[in-house]
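Single-structure report; data block below.
Derivation of every value follows stated rules applied to the coordinates shown; laboratory data play no part. Note that the structure is predicted; figures quoted are calculated from it, not measured. Cβ placement follows ideal geometry from the backbone for every residue including glycine, while neighbour counts extend to all protein chains displayed.
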Amino acid sequence: MTVYFENNTYKYEIEAVMKLFCPLEGFEFRFDEPLPENRRDCVIISVGDRLYVYGDIGGKNGESTLPLPEESEREIALCRMLFSVLSHITGVTPEWGCLTGIRPVKKVNALIRSGCDADGVYKALNEKYYISRRKSDLSYLTAVTQKPVLDALSPESYSLYVAIPFCPTRCSYCSFVSHSIQSRGAKELVPQYVEMLCREIEELGRITNGTDYFCDTVYIGGGTPTSLSAAQLEKIMKTIEKSIDISKIREYTVEAGRADTITEDKLIAIKDNGATRISINPQTMQDSVLAAIGRKHTAAQAEECFKLARRLGFDNINMDTIAGLPTDSYEGFADTINRLTELSPENITVHTLTVKRSAALFSSAESFRENYHGDGEISRMVNFAFDTLTDHGYSPYYLYRQKNTVGNLENVGYAKKGTEGIYNICIMEEAQNILACGASGSTKLIDPATGKITRHFNYKYPYEYISRYEKMTAYKKEVEEFLHRSH
Ligand code: SF4
């Protein structure tokens, strides 16, 4: 489909709205070129003495015009116009409207601070973005649940993130940079990686100690951290304990991840070394779906891991699910949510499948189309999750959206009261400094005076992380200066 722009270059947001309605389509963008005589399968976005939007999909078309608004209002006005035109043509009305950012709750938090209640938030978001009442209320409820956590944050706190970018095998839908631990070379790479990671943690300890900043939460994430051995996990956790003052931490999470990596000795190592929260992520409780996404474990094994963790004394467990996995159905997804609710973990996180073409599942346009669900069914799945979980005493406490998510839907963490994951809230609301170690780790420093965020990135892949460690960590000098600056 071709998109013509006249006297404007609002490509980024316009493309995001196009993707809501034509998620499998490729687009060609043309700027200030003559418009075609045959206006089939094209979109026109024009700014002149008025705003004008035209759209045609397969011969069905519509248009919209508006008097020229202030320059700052033009882009969003054109997005709303395009949204209405495409909604009219396709008969589809995506629930988030043309709100395309990944952190909608940040906007809601700002509206609440300006005195809005749930109705006021809906009015503001609906007027500007055409958001539905359901999604507005979901964002509002999330903001209200996370408020006590955000209010209690100290500007001099930080969360420590430790990355383990290895997994037992690669799930078919995954586009993350994780390495299969069974791949050639992993045998050598993993011990070297653990060594280097411990070195980075020790060095971080040296620059954080003696400053006003204190460690509030620790999060060991992946990948799948439990693809390491119990001894390797213990080594990393002992290094954290020795190097960094964690006497004030309120939360220590280890993503245990996949059931095919979880063993009693690893859970004991995790517990004995200070973790207060773990995540066991089945993604689905349907064996056929687990097989379809390339996971080598069953739903019963995930359940066994959960029960084992409970027996070992873990009293704060998260379980992850994904709506829209290939071969899953509304009924299958509903059964997954019901079975997890029966297990009653403290947190249940409901993701929506992200369709990135770098994932093995979507390696060709054909398989991409075959595995793509209609958004209506996935919308019903996430709505079922919301209704069921809130009926069982869970509240949404953090929410984010990703690009290329089916139906432009959301990822939501649900928690029983008082068990909200502090790190998850902080990372999504960009509310706390993050000091990251390991491949793909991203450090965020928030200037307490201006709120400006400075980011520093570690190399993505373990091999680069090990071989170019010195070059990569040059930025730590700036982190040190930030931590020692008197604010
Ligand atoms: S466990 Fe997670 S990070 Fe690892 S391959 Fe599967 S989806 Fe990707």
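Let me check I've understood the local charge: for Ser329, count other residues with C-beta under 11 angstrom from its C-beta, Lys and Arg +1, Asp and Glu -1. What total comes out? Don't jump to the answer; show the numbers that get you there.
Numbers: positive: Arg380; negative: Asp328, Glu331, Asp335, Glu377.
With Lys, Arg at +1 and Asp, Glu at -1, the neighbours total -3.
For Asp315 and Lys403, the FRET efficiency from 1/(1 + (r/R0)^6), where r spans their Cβ atoms and R0 equals 51 Å, is about 0.90. Residue exposure proxy: Ile446, Ile280, ordered by other Cβ atoms within 10 angstrom of their Cβ from fewest to most, comes out as Ile446, Ile280.
Which shape class applies to segment 395-446: rounded if a/c is under 1.5, otherwise prolate when a/b exceeds b/c and oblate if not, where a ≥ b ≥ c are the square roots of the Cα gyration tensor eigenvalues? Kindly include the intermediate steps, with their values, before the conclusion.
Values: a/c = 2.33, a/b = 1.21, b/c = 1.93.
It is oblate, given that a/c is not under 1.5 and a/b is not larger than b/c.
Residue exposure proxy: Arg295, Arg113, Arg133, ordered by other Cβ atoms within 10 angstrom of their Cβ from fewest to most, comes out as Arg113, Arg133, Arg295.
Would you mind counting up the charge near Tyr397? Only other residues with Cβ under 12 Å from its Cβ, with Lys and Arg at +1 and Asp and Glu at -1.
Numbers: positive: Lys147, Lys416, Lys417; negative: Glu346, Glu420, Glu429.
Computed value for this residue: 0.
For the chain, the list of Cys residues with no other Cys C-beta under 4.7 Å reads Cys22, Cys42, Cys116, Cys167, Cys198, Cys215, Cys305, Cys426, Cys437. Distance between the C-alpha centers of segment 179-208 and segment 6-71? Whole Å please. Using only Cα atoms to place each centre, the spacing works out to 49 Å. Axis angle, to the nearest 10 degrees, between helix 11-21 and the longest C-alpha principal axis of the chain: 90 degrees. Taking the C-alpha atoms only, the angle from helix 230-243 to the longest principal axis of the chain is near 90 degrees.
By DSSP, the beta bridges lying fully in segment 2-90 are antiparallel in about 60 percent of cases.
If you add up the charges near His456, with Lys and Arg at +1 and Asp and Glu at -1, over every other residue whose beta carbon is less than 11 angstrom from its beta carbon, what do you get? Intermediate results must be reported in sequence, preceding the final value.
Working: positive: Lys444, Arg455, Lys476, Lys477; negative: Glu478.
Local net charge: +3.
Of the GluC sites (Glu not before Pro) found in segment 132-206, the ones in coil according to DSSP and having at most 16 other Cβ atoms within 10 Å of their Cβ are Glu156.
Put the Cα centre of segment 130-153 next to the Cα centre of segment 221-260 and the gap is 30 Å. Using θ = phi - 60° in the Karplus curve 6.51 cos²θ - 1.76 cosθ + 1.60, the 3J(HN,Hα) couplings for segment 101-113 round to x, 8, 10, x, 5, 4, 5, 5, 4, 5, 5, 5, 4 Hz; x is entered for Gly and Pro.
Residues whose amide H comes within less than 5 Å of that of Cys437, counting only those at least five positions distant or on another chain, are Tyr161, Val162, Ala163 (H built at 1.01 Å from N in the peptide plane).
Angle check, please: helix 118-129 long axis (alpha carbons) against the longest principal axis of the chain (alpha carbons), in degrees 0 to 90, nearest 10. Taking Cα atoms only, the helix is inclined about 60 degrees.
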